[in-house]
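Undergrad: Mind looking over this structure? Questions follow.
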Amino acid sequence: MIELAAERLAAAAGGTLLAGDPERSGPTRAVIDSRAVEPGDLFVGLPGTSADGSEFAPAALEAGAWGVLVADDHREPALAAVAGARNGSEAAVIAAGDALTALQRLATAWRRELGCKVAGITGSTGKTSTKDILAALLGRRVRTHRSRENFNNQIGLPLTILETPRGTDMLVLEMAMRGEGEIAELAAIAAPDVGVIVNVGPVHLELLGTVERVAAAKAELIRDLPAGAACVVPASEPLLASHLRDDLDTWTFGPGGHVQLLAMEGPRAEIEARGERIELELPFREPYNLLNTLAAVAAARAAGVPVGGRLEVRFSSLRGEIVELPGGVVVVNDCYNANPMSMRAALDHLADSPAERRIAVLGTMAELGAGSARYHREIGERAAALGVDVLVTVGDGALAYADGFDGETHSVATPEEAGALLEEVARPGDRVLVKGSRSVGLERVLA
């Protein structure tokens, strides 16, 4: 619950309370989809590409919203709707010059009210899994709230903060970016005490051009941490070296870092963190998730939270989900997103997994700029070198995978066609990796 009285909430958002009791206690959460409004919610009408969300304020009020926050030019319809609303005499109407800015300002104010520690996590790949692992580590010891699914941008991050209950000890926020200045914007809202950069790789090159500029954009998180805060970075990433600061408590992870994996026997991982021996029982063994775990351990220890014992992680959807199909075919549904780093890691894990045959269903890796064809061809070469038996490319942008692959290859136009093809070519005992950028919609392969 956002425990700010209506008048104070409106002021925090930089808006004006036009209707409703100024002393009424605050809403349960903020939502931006009028169809998802439940009694007690604050509906925020954000401008969109095809419609302005403020137009749906009357529908939100009719659904029992605590109140609505709309752009100034939508105040009159919202006020008119209050009279007929389910809780018309109580519903708040708040108007602001820009609804998105108001949402972000409100989140900034509530983050200050919470007074909890905040960990902000970014990276070219693996930031969502690292967020999930860190939340699981912290949740064993302290009251923890984390970003849901892909609530990681200029809208999702404020919404996450605004659903965080008072009394939370640790808030774990994922921070995504496509261009320069976006991490800085998120850091200004979240004010993290611990900043984590999982890795730096060739992503968003269409906008940023070079991996060096990707590193600089990610490093906005380091730059904007307050003096004395903690910074967690890979031990083997030279692109971040020039961005490190002497006034931060810097933790490195991975081989040669402050936090290292000493041994892995079955599910038991032995980890060293600045001389401290930590034992964790992990439900996974993928090398990339073991590295993500080291980053999460570093973040937890940097925040002063002890870790250890059995870890139960609830990963966000479409990230390495194991789906067993009738007939003994196992599918690794890892289709939330893809870039050269994550694609190589997923193929490595596919090659290491027991199977009669290994099939890779790969969609386009988006936003790679002028070097896109080369990156796709190199992934095809990697798949061939790892002994992948069958390659299925999905969409025109994925055709270049086949240029580097010398095994059995099929090319289809849509995820649905890939699904139909799998029914024909997959055999009992096969293991199938499904991976591509979010824009491809590869979750439809299993529809």
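Read the figures in this text as sums done on the coordinates, not as results from a lab. Since this is a predicted model, take the numbers as computed values, not measurements. Because the Cβ atoms are built from the backbone with ideal geometry, glycine has one as well, and the counts that use them run over all protein chains shown.
Undergrad: What per residue convex hull volume, in Å³, do the alpha-carbon atoms of the chain yield?
TA: 149
Undergrad: Moving on. Which whole number of Å³ per residue matches the convex hull of the alpha-carbon atoms in segment 6-104?
TA: 78
Undergrad: Ok, one more. Please report the antiparallel percentage of DSSP beta bridges with both residues in segment 115-310, rounded to the nearest 5.
TA: 35
Undergrad: Return the tail of the calculated pair distribution for segment 257-328, meaning the percent of Cα-Cα pairs more than 14 Å apart.
TA: Looking at segment 257-328, the distances longer than 14 Å represent 63 percent of pairs.
Undergrad: With the alpha-carbon atoms as the only input, what is the per residue convex hull volume for segment 321-446 in Å³?
TA: Enclosed volume per residue, from the Cα hull, is 84 Å³.
Undergrad: For the chain, what is the percent of antiparallel DSSP beta bridges, rounded to the nearest 5?
TA: Percentage antiparallel, nearest 5: 30.
Undergrad: Does anyone have the angle between helix 340-352 and the longest principal axis of the chain? Alpha-carbon axes, 0 to 90°, nearest 10?
TA: 50
Undergrad: Evaluate the charge dipole of the chain about its Cα centre and quote only its size in Debye, nearest 20, assuming +1 on the Cβ of each Lys and Arg and -1 on the Cβ of each Asp and Glu.
TA: Once rounded to the nearest 20, the dipole reads 1000 debye.
Undergrad: Would you kindly calculate the mean projected area, averaged across all directions, of the convex hull enclosing the Cα atoms of segment 82-150, in square nanometres?
TA: Approximately 7.7 nm², given one-decimal rounding.
Undergrad: Ordered by packing density, taken as the mean number of other Cβ atoms within 10 Å over each peptide's residues, highest first, how do 274-280, 430-436 rank?
TA: 430-436, 274-280
Undergrad: Something else now. Please give the helix 127-139 orientation as an angle from the longest Cα principal axis of the chain, in degrees from 0 to 90, rounded to the nearest 10.
TA: For 127-139 against the chain, the angle is about 70 degrees.
Undergrad: Then there is this: Picking from L433, A420, G320, whose Cα lies most toward the positive end of the charge dipole for segment 304-447 (charges on Cβ: Lys, Arg +1; Asp, Glu -1)?
TA: G320
Undergrad: OK, next. So if the hydrodynamic radius of segment 115-310 is defined as the Kirkwood radius over C-alpha pairs, what does Stokes-Einstein give as its diffusion coefficient at 4 °C and 1.567 mPa s, in µm² per second?
TA: It comes out at roughly 78 µm²/s.
Undergrad: Rank-order 317-327, 147-157, 171-181 by packing density, defined as the average count of other C-beta atoms within 10 Å over each peptide's residues, highest first.
TA: 171-181, 147-157, 317-327
Undergrad: Take every DSSP beta bridge whose two residues both sit in segment 207-302, then give the antiparallel share in percent to the nearest 5.
TA: 65
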